[in-house]
There are 2 protein chains.
Amino acid sequence: MTAQHGTAPGTAPGTAHGTRRRSEASRRAILTAAFELVGEVGYAKLSIEGIAARAGVGKQTIYRWWPSKGAVLFDAFLMLSEGPDDSPALPDTGDLEADLKAVLRATVAELNDPRYDEPMRALNTEILHDPALAAAYAERLDGPMKELKKQRLRSAQRAGQLSGDLDLDVAIEMLWGPLLNRWLQRSGPLTPEYADTVVETALNGLRPR
Amino acid sequence: MTAQHGTAPGTAPGTAHGTRRRSEASRRAILTAAFELVGEVGYAKLSIEGIAARAGVGKQTIYRWWPSKGAVLFDAFLMLSEGPDDSPALPDTGDLEADLKAVLRATVAELNDPRYDEPMRALNTEILHDPALAAAYAERLDGPMKELKKQRLRSAQRAGQLSGDLDLDVAIEMLWGPLLNRWLQRSGPLTPEYADTVVETALNGLRPR
DNA sequence: AAAACGAGACGAGACGATCCGTCTTGACAG
DNA sequence: CTGTCAAGACGGATCGTCTCGTCTCGTTTT
């Protein structure tokens, strides 16, 4: 039931024999309000009180079910990502370089989308300071996406387009790491052309060929 | 002078004709207190009041000279990095791979040092949400280090160990991006071995050779 | 089957605590 | 004089806890 990300299950809310009903309406209202609010007022001014007011909910209803502001934010992302069927496998046309460029350009577009920029920055902030939340993120949000990337790379490996003894985790971080870093630290323009250059450079290596 | 990072210079504190003396002792006490406190209580509980109390300083003295908590933190780092002579150029033994491994391993060690972990996470948090601070960081802290890295890579390029048409900014981000990301998001163990693998993979490229 | 009971969750908001950023005071220094 | 300093009072915002009275239901009793 939701992330909770740090608490032991105990008597999981949903099993006991007595009575207990969790309001699904309130849950959705809270997560929606949290996501919208962080986009409007920014991370620094995001408050539990504000979320409760916007959601038309008592503060206790938030404190009862989530251990921290970060956990609420996390569940809000989880709700979004579970909406549509979003595991349609990465493109695999046989042309690895083109496929990677397409995917990285999509990542760039998403990072540049003002609708997601603030919320994602907020989530990253919480992850930055909460190892438990970081673990939940790695497992529930980043993990599935990473698996898709690995599949595409494995396919390329089978086709002989990638070195056979490649560590796929490292490969993924070499492709996406530069993008993420540029976005987080704003260390340079995050353009589709940059994505292309990263792909080309990563594939060919820094050494002359 | 300090960073100020967003304000126009105006009458820079130090030039006016009347009288004005800024207490250097207070300045150092504030920056030291900020750095120590964030390491002790963490970023979430770091407060201006706490910094002032620890530094034995009035709150107004902080508000007078710094526009935000992030700017204080930034100047604290600036003070540290300006202490010793820390631009001794990167090692250049002629063996690019070994030199890069040594430097990346040093980066890993620094990121893993609990003395710097919390403060650096705090600084990154502020950078994440403050473009002006991000620009100051890029210029004053990251910039000089990046220039050293570029020099080493240029030397390698001259020696024919790196592709001639390489974008050095991209090369640097491909080497350090994975490390930074792993540290920020805690997406995996940050070990010296990982640094080695990144160097090897980046140099050789993902494609088979 | 219908009525009564009881366990929780719910919205609302009062509460003391903390920290915000501003403002005032009186001492001190150029 | 003028501007900085340490100290701290001030009103406002938000924190997390706690207490209300209401509600929704599963269980039990009739």
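The values are calculated or read from the model by the stated rules, or taken from the named source; none is laboratory data. Bear in mind the structure is a predicted one, so any value in this text is a computation, not a measurement. With ideal geometry, Cβ positions are generated from the backbone for all residues, glycine too; neighbour counts draw on all protein chains shown. Side chains are part of the model used for accessible areas, which takes the heavy atoms of the whole protein and leaves out ligands, DNA and RNA. Shrake-Rupley method; radii C 1.70, N 1.55, O 1.52, S 1.80 Å.
Odds and ends about this structure:
- Among the residues of the range A:81-124, those identified as hydroxyl-bearing (Ser, Thr, Tyr) and assigned to a loop (DSSP other than H, G, I, E, B) are A:Ser87, A:Thr93.
- Residues (in contact (Cβ under 8 Å) with a residue 24 or more places away in the chain and not aromatic (Phe, Trp, Tyr)) located in the range B:130-147: B:Asp130, B:Ala132, B:Leu133, B:Ala135, B:Ala136, B:Arg140, B:Leu141, B:Pro144, B:Lys146
- When the range B:184-206 is filtered for residues that are open to solvent by less than 30 Å² (accessible area, probe 1.4 Å) and without any contact (Cβ under 8 Å) to a residue 12 or more places away in the chain, the ones remaining, listed by number, are B:Gln185, B:Gly188, B:Thr201, B:Gly205, B:Leu206.
- Residue within the range B:98-113 that is away from DNA strand C (no atom under 12 Å from the Cβ), under 30 Å from B:Glu200 (Cβ atoms), open to solvent by 50 Å² or more (accessible area, probe 1.4 Å) and in contact with a Phe, Trp or Tyr (Cβ under 9 Å, 6 or more places away or on another chain) present: yes
- Considering the conditions (1) farther than 24 Å from A:Leu190 by Cα; (2) within 14 Å of chain B (Cβ to nearest Cβ); (3) more than 11 Å from DNA strand C (Cβ to nearest atom); (4) open to solvent by 40 Å² or more (accessible area, probe 1.4 Å), A:Gly83 is excluded by exactly one of them, (2).
- Exclusive hit being touching a helix residue (DSSP H, G or I) at 6+ places or on another chain (Cβ under 7 Å), within 20 Å of A:Ala171 (Cβ to Cβ), within 11 Å of chain A (Cβ to nearest Cβ) and not in a helix (DSSP H, G or I), set B:Leu166, B:Leu175: B:Leu166
Residue-wise test of (1) in contact with a Lys or Arg (Cβ under 6 Å, 6 or more places away or on another chain); (2) on the phi > 0 side of the Ramachandran plot; (3) not small (Gly, Ala, Ser).
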| residue | (1), (2), (3) |
| --- | --- |
| B:Asp117 | no, no, yes |
| B:Thr125 | no, no, yes |
| B:Arg154 | no, no, yes |
| B:Gly177 | no, no, no |
| B:Trp183 | no, no, yes |
| B:Pro192 | yes, no, yes |
| B:Glu200 | no, no, yes |
| B:Asn204 | no, no, yes |
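- Boolean, A:Arg209 is open to solvent by 20 Å² or more (accessible area, probe 1.4 Å), facing chain B (nearest Cβ under 8 Å) and free of Cβ contacts under 8 Å to residues at least 24 places away in the same chain: yes
- Residue in the range B:152-160 that is among the polar types (S, T, N, Q), touching a residue at least 60 places away in the same chain (Cβ under 8 Å) and part of a helix (DSSP H, G or I) present: yes
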